[in-house]
Structure formats: structure tokens, C-alpha cells
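Data first, discussion second: the structure below is written as C-alpha cells.
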Amino acid sequence: MQQPTLSAILITKNEAENLPDCLRSIAFCSEIVVVDSNSTDGTPQIVREAGGRVIESADWPGFGLQKQSALDAATGEWVLSIDADERILPELAEEILCVIREGKAAGFRIKRRSQFLGKWMRYGGWYPDYVVRLAKRHAAKFDISPVHEKLLVEGTIADLEHPMLHFSYRDLSDVLKKQSLYALVGAERNYVAGKSGGILIGWFRAVWTFVRLYILHLGFLDGRQGFLSAVAKAQETFWRYAGMEWVERRVKQ
């Protein structure tokens, strides 16, 4: 049986530090398609030297639409969506090639093993963290979410056994940078959806988020990083709801 073609798709902006390891981990794919957003650190050159195809994007439409443009440019029968801070281990690569050859499902979820501030996390909602990343190209599309976008698949979705690695937050500045982005976008989405917001609601939701992740989901078993992760997520939740007041003011100006 002939092996189906597989396209790896990524979006990038100044990912020169992450890309080499990521690209090596997906070298088993038939093609690599990268949509780059005005990188200034040599990211496009790194991709081309690894044999990948780079599509320059002058604007930034949001994560969902940007990844859809990468999907539209792919030519493989199957697509593997991956971020620059993720790695496909050899055993997962073998499993991917096996399941696309068998073709028993239209899409597959992959569990992520994530690193937070130097620790591989096991609790607090971190693992197994299943995400849909592998699909038949013609059965797949991305939602238009500006952040935390999802790969939508028409048809049956199954789970893969082996995990991929996710180097999510390398240091505290990385945590704060991503936290502010997610909080701002979340506040805008909540406002558009007509949800209730404000400081009091944000405080209650933040407290519940911390209790849920640190206690109910056993985040305390991850030690210092488990505590910091729960605090960071609680703070992000607070601003996602408290920040809706500022979003409303901006819209009405």
C-alpha cells in the first residue's frame, strides 16, 4: 500500500530559537508549509534551509485565519498542524504514518506533555491535554478564533497513543506575555458574546479557577510550578472578565 502524503503546517513570527528542533521532529512529513508574519530573526531562512515552503503574510488576521491560510496552501492528503514550540517524538511519528496509511478515521487527537517553567507538568489540567492536530486535508478547517483556535474535522475523530512535547512557557516573562494576550482576546470575545463581566465576577471566577486547577485537579502535586501555573491562570481569568469594562468603553468611544 502506498504511503499517503502528509503536510506539516505551521505559522510563525520570530521563532528562530524554537524552529530548528521543531523542523527536525517533522522531517518525516512529505512537505512543510509555514506561513510567516513579518519575522525579523531569520525564521524564513531556517524553514527554507530545512526544505520547507514559506508563505509571507503581511497582515495578522488572528491565529485561526492564519492557520487556515497554511492549511489552504498544503498539498498533502493529510495535514499535521503543529506549533513551533512543539515536538513530534519518533514513536509518535511512526504512529502517525501508520494511522494515515490505515485511514480508519478522518482526524486524530494527540495528547500534549507540556513543560512549564522547566518542569514537565502532570496535574492541574495540563495532562493529557488532547488536541486535534492530524486530519484528512479535505475534511479539515480551522475555526476563526483569534486565539486558542481549533482544527475542526468532518468525520470520525480517534485518539493517538503517543504524546507530543510542548515547551509552553520557558520563563516568567513568557508567562506574563502570553497571559496578557489571552486575557485581552478573551475579554473581547466575552464582550462580543454578551457575557456578564466586571471586577466582582472576575474575582469569583479567578478564585474558582485557582481552586479547580490547584486543588480539584491536583495541581499542588506539581510543586512550585503547579502553584504558579494555577495563580497565572486565575489572574488571566480575572482580567478576561474584569477587562470587559475597558473593552466596552473602547467600543463606545
Going through the range 18-63 in order, the residues found to be surrounded by fewer than 14 Cβ atoms within 10 Å (Cβ to Cβ) and among the charged types (D, E, K, R) are Arg24, Arg48, Glu49, Glu56, Asp59
Residues being modelled with pLDDT of 95 or more and closer than 26 Å to Ile100 by Cβ - total across the range 49-64
6
Output the number of residues of the range 11-21 satisfying the condition of being over 22 Å from Leu65 (Cα atoms) and touching a strand residue (DSSP E or B) at 6+ places or on another chain (Cβ under 7 Å).
1
Candidate set: the range 105-141, residues that are among the aromatic types (Phe, Trp, Tyr) and touching a Leu at 6+ places or on another chain (Cβ under 6 Å); chosen: the one nearest to His162 (Cα to Cα)
Phe108
Any residue at all in the range 34-56 that's touching a residue at least 12 places away in the same chain (Cβ under 8 Å) and within 21 Å of Val132 (Cβ to Cβ)?
yes
Pick from the range 234-253, criterion charged (D, E, K, R) and without any contact (Cβ under 8 Å) to a residue 40 or more places away in the chain, ranking: farthest from Ser180 (Cα to Cα):
Lys252
Output for the range 113-122, where each listed residue is surrounded by fewer than 17 Cβ atoms within 10 Å (Cβ to Cβ) and outside any strand (DSSP E or B):
Gly118, Arg122
Restricting the first residue to the range 147-174 and requiring it to be closer than 15 Å to Leu117 by Cβ, which pairs with a second residue that is of a type outside the set (D, E, K, R) and part of a strand (DSSP E or B) meet a Cβ separation below 7 Å and a spacing of at least six or different chains?
His166/Ser114; His166/Gln115; Phe167/Gln115; Ser168/Ser114; Ser168/Gln115; Ser168/Phe116; Tyr169/Phe116
Among the residues of the range 201-253, how many are outside any helix (DSSP H, G or I) and either among the hydrophobic types (A, V, I, L, M, F, W, C) or in contact with an Asp or Glu (Cβ under 9 Å, 6 or more places away or on another chain) (or both)?
2
Of all residues being part of a loop (DSSP other than H, G, I, E, B) and touching a Ser or Thr at 6+ places or on another chain (Cβ under 6 Å) in the range 7-38, which is nearest to Glu86 (Cα to Cα)? Just the residue, please.
Glu15
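Quick grid of which residues meet (1) of a type in the set (Phe, Trp, Tyr); (2) more than 19 Å from the chain's Cα centre (by Cα); (3) not in a helix (DSSP H, G or I):
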position	(1), (2), (3)
Arg48	no, yes, no
Ala70	no, no, no
Gly76	no, yes, yes
Val79	no, no, yes
Leu92	no, no, no
Lys111	no, no, yes
Pairs with Cβ under 8 Å, 6+ apart, first in the range 184-203 and more than 11 Å from Val147 (Cβ to Cβ), second at pLDDT below 90 and of a type in the set (Phe, Trp, Tyr):
Ala187/Trp246; Gly197/Tyr191
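The values are calculated or read from the model by the stated rules, or taken from the named source; none is laboratory data. Keep in mind the model is a prediction, meaning the values are calculated, not measured. Note that we place each Cβ from the backbone using ideal geometry, even for glycine, and neighbour counts take in every protein chain shown.
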